[in-house]
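To keep things clear, I will list the structure first and then write my remarks on it.
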Amino acid sequence: MPQFTTEDVTYLKHGDREIAARVFKPEGAGPFPAYVDLHGGAWNNGDLKDRTGLGEYLAQRGYVMVTLHFRHAADGYPTSLADINYGVRWPKAHAKELKVDPAQIVIGGASSGGHLAMLVAMRPNDPRYAAIALPQGSPAVDASVKGVIMLWPVINPLSRYRNAIRRSAEPNPPAFTKGMKEKHDTYWKTEANMVEGNPMLILERGEKVVMPPAIWIQGRPDEVHDYHDPDGGFAGNEPERFVSNYRKAGGDIEIAYFDNAKRNTDTTHAPVADFMKKHLK
């Protein structure tokens, strides 16, 4: 396979606190299309090392992947979005050294990272999300992207919160429910925030947002991400509900299912590369 390099960099600082990115770059002059990647972890956990397999896969196929860490957990909503919005603008502003084509960038992520990817793509100019300025003298760039790649996203924080609470009361509650309410409470603080920063409900309340081409890559069985919301007024599960909403609002979205046992293998890496090939030059 073609060769690539991996480099950890500090892309953002909050006082003495350094926020890191890991950059996977193909060998060669470029410029290459790029994927800004967000780890999962229920808005509380996760790290750059979670994303190595996908980064190497894409770099071997001629794509730069910039996987971001960001504020989360007790930092609370919307701090993650401010870091990520900056993190989309950062490779555009450093296109030459990163070998990135600044006009050919998509964003994506896994689980809660998929939620954050869609949310920041929908609202690239939200003043809360775009609050962190690039250094003086940087190019004038925004956080718009050419596409969104969601890998088993938690697209509806409120329904997942209530689903976890409901299922934790079962005689033999599933493992994912342990601590899930507390993780939501730590990051989101209130149900009102879970409603406001919610791509599913954004569409259902008719908010005018940007809708880039998108893909939802979903494993089955997966009771953590592929479940029915009894309060949602939709017959299908949450993936189908979001896809229906996105299309009704005029967006272009596809959904791809896979055997959940093959998560984070070539089975789930390949649709990411295929989507980028389809939507980027």
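Points to keep in mind about this one:
- Residue in region 93-127 that is farthest from L280 (Cα to Cα), counting only those that are basic (K, R) and not in a helix (DSSP H, G or I): R123
- Of the residues making up region 6-25, those that are small (G, A, S) and in a strand (DSSP E or B) are A20, A21.
Each row is one residue, and each column tells you yes or no for (1) polar (S, T, N, Q); (2) open to solvent by less than 30 Å² (accessible area, probe 1.4 Å); (3) touching a residue at least 24 places away in the same chain (Cβ under 8 Å).
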site: K208; (1), (2), (3): no, no, no
site: A214; (1), (2), (3): no, yes, yes
site: Q218; (1), (2), (3): yes, yes, yes
site: G251; (1), (2), (3): no, yes, yes
site: E254; (1), (2), (3): no, no, yes
site: Y257; (1), (2), (3): no, no, yes
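- Taken over region 26-47, the criterion of being among the hydrophobic types (A, V, I, L, M, F, W, C) and either assigned to a loop (DSSP other than H, G, I, E, B) or open to solvent by 10 Å² or more (accessible area, probe 1.4 Å) (or both) is satisfied by A29, F32, A42, W43.
- Test: P139 is part of a loop (DSSP other than H, G, I, E, B), loosely packed, with under 13 Cβ neighbours inside 10 Å, of a type outside the set (D, E, K, R) and free of Cβ contacts under 8 Å to residues at least 40 places away in the same chain: no
- Any chance A59 is crowded, with 24+ Cβ neighbours inside 10 Å and either aromatic (F, W, Y) or touching a residue at least 24 places away in the same chain (Cβ under 8 Å) (or both): yes
- Scanning region 65-92 for residues that are open to solvent by less than 20 Å² (accessible area, probe 1.4 Å), touching an Asp or Glu at 6+ places or on another chain (Cβ under 8 Å) and either modelled with pLDDT under 95 or outside any helix (DSSP H, G or I) (or both) yields M65, V66, T67, L68, F70.
The values are calculated or read from the model by the stated rules, or taken from the named source; none is laboratory data. If you're wondering where the values come from, they're calculated on a predicted model, not measured in any experiment. Methodologically, a virtual Cβ is constructed for each residue, glycine included, from the backbone with ideal geometry; neighbour enumeration extends over all protein chains shown. The accessibility values were calculated without ligands, DNA or RNA, using every heavy atom of the protein model including side chains. Shrake-Rupley method; radii C 1.70, N 1.55, O 1.52, S 1.80 Å.
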